[in-house]
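The values are calculated or read from the model by the stated rules, or taken from the named source; none is laboratory data. Every value quoted in this text rests on a predicted model; they were computed, and no experiment measured them. Quick reminder, even Gly has a Cβ in these numbers, built from the backbone with ideal geometry, and neighbours come from all protein chains shown.
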Amino acid sequence: MKKLLIAATVLLTAFAAAAAGKSSVANKKVLLIMLDGVRADSTLHTTMPALNALRSGQWQPNYKCASTDAAMVVQDAPPHSAPNHASIATGVTAAKHKVTRNGKTKTGNFKEYPHFLGHLVKAYPDLKCGFFYVWGESGQILSNSDKVLYKSGGDSATVQAACKFLQTGDAAAVYINLPDYYGHKIGFYPRNPSYMKALNTCDGYLKQLFDTIAKRPGFANEDWLILLCADHGGYLTFHGGLPNSGNMTTIPLVISGKNVKQGKIKGTAYTYDMAVTALAHFGIDTKKLNLDGRKLGDEVQAIEAEPLKKGLVFCYDFARNKLGFDNKTVIRETLSGFFISARIKNGSRMIPKSNELKLTNNNNFTLTFWAKVPQQTGKDAVIIGNKDMSKPDSPGFAIIANRQGDQQRKAENAGICLSMARKGSANIEFGQFNRTDGWNFYALTVDANGTMYFYNGAEDGRLYHMAYKADDAVIASELPIYIGQDGTGKHTQGFTGELDDVAFWNRGLTREDITKIFESGRKGIDLNGLIAAE
């Protein structure tokens, strides 16, 4: 009798523990959305009301949002779909899931690192979980559980199926393909109407998913976590190459929930953070699962608006501040709105005392300028820089004209590239932006978050950007900053073109600051005029 009582007690204890476990997550829900082939800057240049409401923390009462326009793809594989689809789902890098390029998903290491929905049903067997996807290879990311529903189809059908599931489901992952299709067809750029239309359509899909959740009878008492990111961006009509190639590797990432802080995500976010954040929402210890990502949404950056004059080291508009150019190599000419610009003909000019700059905040700095780069400018000519280009890994930075690099498959497509040194790491060759014959605005900044942004204010009026984790950037080189040359003043390729409003700060500027400078410049107001009006 005593043994029977003990056995009954053990069973009751087990049932109580199971019931407690179930009740502890009974109101927890998650929706993870992946939009294939979306550059971070593209979401800032089109109408996406559903995404914007989520991002601004106005989707539903009590829901806040942490987001970033500088998230990155997995760093140990090229920016292909498959490695990042796998990383989003599993929470690990390519070194662990073994999907190193498209076509390799079928042989991925999902026995050890399954789809996060597999972890959920293992921990909580009563949860209703589903994976909805368009690209067939995504369906090869295994959950190791027959309790996870897998369903595929076209974009519209996939979203409809996910909506039907979400009427009663607990956890869903939805992968939408449409932006990638039009990116490959017409180009991954906000200036391409078909690509932007694809994003508009995707926003409609987001609204359907979000509305389905909000209409659930018990929604008010539920604790939803909504995660959204892309798998890669794009350049021209392709994506590939190196994992730090900028246009292809800078993606949007959004986390919305009742326990999320509103603001810009602190630190650098990666695709493999998504699964970890989802699992942590359900109280699962991802360290015990040996996952690589980190939980997002708990920390946001403290960003304060500051006057543009703060930290400004120098500003040359070539009218009031002529910089003493040698007229044999540099001619000051009229630029509409800015009055005077500097036209360089295979010449250069050192910025006085720039080798004595005392940078603060771990090399946080900002450089902005306007440039007109004609096609006849030599290959790999330095527009402005302070590093020795004969030694690629040497300290400093250089912004290079007509660079044929990782993203440029044809010499005639050479663009504007950034070369930057990093402490203890290989030099970054970052870019490119398209080269055009007209005036373009450029900005390079490393902010207090350790994020490097490279901006292009283009002739079409849009401000493009790419980003990279660069808290280890080495800007001070002990060489001066040259206009039209590298830091040695001896680079073999001379620059021919026009420059104006060259400015340098010893602090990082925000996107809002950079946008203000760009928009003012488009109206003919130079930086000195903008600062005077603050």
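Can you pull out the strands (runs of 3 or more DSSP E) entirely within region 445-510 that have at least 2 residues that are more than 30 Å from Arg343 (Cβ to Cβ) and in the same structural domain as Gln404 (by TED's automatic domain parsing)?
463-469
Identify the single condition in (1) assigned to a helix (DSSP H, G or I); (2) buried (at least 24 other Cβ atoms within 10 Å of the Cβ) that Val92 does not satisfy, given that it satisfies every other one.
Among (1) assigned to a helix (DSSP H, G or I); (2) buried (at least 24 other Cβ atoms within 10 Å of the Cβ), Val92 violates only (1).
Anything in region 272-295 that is over 16 Å from Gln75 (Cβ atoms) and outside any helix (DSSP H, G or I)? List them, or say none.
Phe282, Gly283, Ile284, Asp285, Thr286, Lys287, Lys288, Leu289, Asn290, Lys295
Could you list all residues from region 441-476 that are among the acidic types (Asp, Glu) and under 14 Å from Ile514 (Cβ atoms)?
Asp447
From Thr237, Thr249, grab the single residue that is buried (at least 17 other Cβ atoms within 10 Å of the Cβ) and of a type in the set (Val, Ile, Thr).
Thr249
Residues being of a type in the set (Lys, Arg) and buried (at least 19 other Cβ atoms within 10 Å of the Cβ): count how many of those fall in region 99-143.
Looking only at that region, the number is 1.
Any residue at all in region 147-156 that's touching a Gly at 6+ places or on another chain (Cβ under 8 Å), hydrophobic (A, V, I, L, M, F, W, C) and surrounded by fewer than 17 Cβ atoms within 10 Å (Cβ to Cβ)?
yes
Those residues that are touching a His at 6+ places or on another chain (Cβ under 9 Å) and not in a loop (DSSP other than H, G, I, E, B), I need them from region 56-89; list them, please.
Asp69, Ala70, Ser81, Pro83, Asn84, Ala86, Ser87, Ala89
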